[in-house]
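Visitor: After the structure tokens below, expect a handful of questions from me.
The values are calculated or read from the model by the stated rules, or taken from the named source; none is laboratory data. Just so it is clear, the model here is predicted, and its values are computed rather than measured. Positions of Cβ are generated from backbone atoms using ideal geometry, with glycine treated the same way; all protein chains shown enter the neighbour counts.
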Amino acid sequence: MGLIIWLYVELRYQSQMADRSVASTSSSATSSTRARCPRPATPYSAAAGGGGALEWGASSLTGLPLSDAGDVRVDSDWVPDLSRVDSPGAIPDDFTLLYTPEWSDHLAFERLPPERLAPLTHEAQRMLYAHQFPQVCKGRKYFVSSGNEELAGLGSHIHIASVHMAIAFFQNRIFIWEPWAGYIYTDADTCGEPAGYVPPGPPGPVGSMGSGGWVSCFFRSPTNCTLEDSSAPGVDAVHFGTGGIGVQWGIYPDTLPPPFYALWLKAGFPLDKALMKYWWRGQVAAFITRFHPRALAKLRELRTQVGRFMLNHTAPGRLWQNATWLPNDAAAVPLPRGTVSIHIRHGDKKKEMTLIPTEKYLLAADELVKLNPFGYRKVAFMSTEDPGSIEEMVAHNLSNTWHWLWWDVPRLNSNGPEQLGLFNMRRGELTFIWWLQMFIALEADAWVGTRGSNWNRLIDELRCVWVPKCQNVYVEVGMDESWRLPNGEPHYSW
């Protein structure tokens with residue numbers, strides 16, 4: 001029996017050697033024939049669950065040239081393409097996600113994988129939508145919000161409104177903006193619109209025509225009900241701004257409305273007031289700041305233009321003028337994969353928290369890349385109101401190894417309202433530039449900041465709802481006390 005097995009194995013070996021000899025002769029005779037990996041029995045395709053066709057052979061290693069033998073060829077004059085290349089799948093690139101109307105409506109989250117968003121995002125956004133877009137508006141109660149009536153920053157306005165949304169839920173009211181809410185950040189020339197214009201999407205008001213507030217200039221309406229519905233005779237509507245927040249109703253800023261509290265309990269999350277407040281703020285902020293198509297068109301124009309405002313680049317020791325690793329030398333659209341976003345909040349924030357030195361942000365970014373060398377790159381986009389931070393970044397010894405990017409816009413180390421009206425710019429124009437820096441930050445893949453800043457919190461919140469990056473790294477350089485107290489209670493900083 002053993003002899004028979006030995007003969008069988010020997011014959012199989014001799015047969016395989018003969019086949020290889022024939023294949024080698026055929027390959028030598030035809031120079032255009034290349035050895036390739038065998039094509040799989042079921043090609044990788046959308047139908048097979050892959051999300052798109054994967055071509056084998058020359059393109060199976062994206063960007064790598066192959067030799068005649070099918071191996072990777074390394075030429076001295078070959079330069080790899082380091083621009084952002086997304087894998088095939090249902091999720092588009094960041095530019096599409098952020099700047100196109102079809103991904104900016106209130107139900108865009110349904111096309112994003114829930115596991116890559118903040119916990120319970122799908123459930124929370126559906127509940128917000130169901131409450132805010134009823135089938136019948138007649139007979140409903142309303143909470144008409146003017147946001148933060150004080151001269152506060154953009155992030156503060158949005159987070160104050162999230163408290164108003166909580167009150168609306170507690171009292172079964174529809175949240176709606178006053179037509180002038182956010183007016184200090186708008187102007188008629190920038191935000192003006194044709195009479196009767198309604199942005200595409202769910203039907204709803206667009207604010208006062210010509211020089212209105214948030215909805216007129218930037219955001220989709222947060223409801224299909226109108227200001228006319230809220231002001232009809234006999235309608236129960238309350239109008240509220242900043243004063244007292246919700247305390248006069250016995251509702252505190254960290255309190256979750258009952259449906260969301262029940263959702264939180266069912267999911268088994270800890271009863272951590274600061275965490276619940278943070279999650280709620282993020283869900284509402286993402287819902288009420290969905291940009292309408294006209295505003296997105298302005299942002300796209302600013303993002304891609306080559307002219308008045310440029311995205312500056314530095315490389316070790318010199319200004320980076322011909323950055324071949326960028327998909328677009330002038331605008332870097334979108335940011336290269338692995339870019340780190342750094343937002344430095346200085347200015348008047350010293351009244352509310354201990355300011356973090358610029359160097360601490362830079363060193364934190366550097367340590368992040370050292371610990372994750374394959375996930376992130378030494379490329380950083382910086383936003384800040386402090387021109388001194390930009391100067392310090394460029395002069396820092398980390399510039400020997402880092403590429404810095406920043407938007408070349410006017411800066412004053414103060415706050416948003418104090419900068420409005422300066423720099424010979426319209427208020428709405430300057431506000432669009434600030435929002436654009438938020439969008440660019442969301443193109444990044446990691447973030448360094450402090451949650452004591454409303455703007456940093458907004459970045460952290462939107463990356464977990466607007467774009468599927470909640471599992472990416474956010475590095476906190478501030479103190480816990482800037483957003484939560486040592487006993488776990490939330491810090492009431494807006």
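Visitor: Being out of contact with any Gly (no Cβ under 6 Å at 6 or more places or on another chain), closer than 23 Å to GLU115 by Cβ, outside the structural domain of HIS157 (by TED's automatic domain parsing) and not hydroxyl-bearing (Ser, Thr, Tyr) narrows it down to one of LEU458, LEU422, LEU442, so name that one.
Guide: On inspection, the qualifying residue turns out to be LEU442.
Visitor: Condition check: among the small types (Gly, Ala, Ser), over 28 Å from the mean Cα position of the chain (by Cα) and modelled with pLDDT under 80. Does GLY244 satisfy that?
Guide: yes
Visitor: Related question: Quick test of your reading of the structure: ALA262 fulfils all but one of (1) over 21 Å from the mean Cα position of the chain (by Cα); (2) at pLDDT below 80. Name the failing condition by number.
Guide: Unmet for ALA262, out of (1) over 21 Å from the mean Cα position of the chain (by Cα); (2) at pLDDT below 80: (2).
Visitor: Can LEU151 be described as at pLDDT below 85, more than 23 Å from the chain's Cα centre (by Cα), outside the structural domain of CYS464 (by TED's automatic domain parsing) and over 20 Å from LYS298 (Cβ atoms)?
Guide: yes
Visitor: Can you confirm whether PHE169 is at negative phi, of a type outside the set (Val, Ile, Thr) and in a strand (DSSP E or B)?
Guide: Considered against the rule, which asks whether it is at negative phi, of a type outside the set (Val, Ile, Thr) and in a strand (DSSP E or B), PHE169 comes out as no.
Visitor: Let me spell it out: the conditions are (1) over 23 Å from the mean Cα position of the chain (by Cα); (2) among the hydroxyl-bearing types (Ser, Thr, Tyr); (3) at pLDDT 90 or above, and TYR129 meets all of them except one. Which number is the exception?
Guide: Unmet condition: (1).
Visitor: Can you find even one residue in the range 303-310 that is modelled with pLDDT of 75 or more and not assigned by TED's automatic domain parsing to the domain that holds HIS159?
Guide: Among the residues of the range 303-310, at least one is modelled with pLDDT of 75 or more and not assigned by TED's automatic domain parsing to the domain that holds HIS159, which makes the answer yes.
Visitor: Of these, ALA181, ALA168, ALA188, ALA161, which one is more than 25 Å from the chain's Cα centre (by Cα) and buried (at least 22 other Cβ atoms within 10 Å of the Cβ)?
Guide: Step by step, each of ALA181, ALA168, ALA188, ALA161 is checked, and only ALA168 is more than 25 Å from the chain's Cα centre (by Cα) and buried (at least 22 other Cβ atoms within 10 Å of the Cβ).
Visitor: Tell me which residues, restricted to the range 369-417, are crowded, with 20+ Cβ neighbours inside 10 Å, assigned to a helix (DSSP H, G or I) and touching a residue at least 60 places away in the same chain (Cβ under 8 Å).
Guide: GLY416
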